[in-house]
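The values are calculated or read from the model by the stated rules, or taken from the named source; none is laboratory data. Predicted model only: the values in this text are computed from it and were never measured. Backbone-built Cβ (ideal geometry, glycine too); neighbour counts: all protein chains shown. With ligands, DNA and RNA removed, areas are computed over all heavy atoms of the protein, side chains included. Shrake-Rupley method; radii C 1.70, N 1.55, O 1.52, S 1.80 Å.
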Amino acid sequence: SDISEEAISLTKRNIDKALLKEFIQVKKADFRTLNSPPGGGMIILNPPYGERLKEDELENFYEEIGDTFKKKYPGYQAWILSANFPALKHIGLHPEKKYELINGSLKCKFQKYSIYEGSKKPKKP
């Protein structure tokens, strides 16, 4: 899903070219409003890097990503691809794995988060 109609059209064309239409569903939607299927799964997100949003909006958006994962995606593995390293710190979750990649000409991080209910921090007495 994506909130951009242009991104959806491009994705559908690429899926058709790759002959994967029967395996991949695409729709215009905001991941924050979708209901995650129960039982876990995987979500991969390639959020804005900062070209469409101002820095303070970007930080808030990345915080919303972490909040949404925690509230709506327990039992999921969440992967985020981003070239905005400072914004990734606003996710508010601890990445389990980190990979550095090149996406086009941009140096990016691809980070994995395991989403679970509650907290792993020990409770203070």
Failed item, numbered, when ASN35 is tested on (1) modelled with pLDDT of 90 or more; (2) surrounded by fewer than 17 Cβ atoms within 10 Å (Cβ to Cβ); (3) farther than 16 Å from PHE110 by Cβ; (4) not aliphatic (A, V, I, L, M): (1)
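Restricting attention to region 83-109, and to residues there that are of a type in the set (Gly, Ala, Ser) and in contact with a Phe, Trp or Tyr (Cβ under 6 Å, 6 or more places away or on another chain), which single residue is farthest from GLU55 (Cα to Cα)? Outline the logic, then answer.
Pass one, region 83-109, residues of a type in the set (Gly, Ala, Ser): 83, 87, 92, 104-105.
After this cut, where a residue has to be in contact with a Phe, Trp or Tyr (Cβ under 6 Å, 6 or more places away or on another chain) as well, the list is 83, 87.
Numbers: ALA83: 13, ALA87: 8 Å.
Top of the filtered list is ALA83.
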Count of residues meeting criterion [open to solvent by 90 Å² or more (accessible area, probe 1.4 Å) and of a type in the set (Gly, Ala, Ser)] in region 1-32: 0
Top-ranked residue in region 38-70 [being modelled with pLDDT of 90 or more and assigned to a loop (DSSP other than H, G, I, E, B); ranked as least open to solvent (accessible area, probe 1.4 Å)]: PRO47
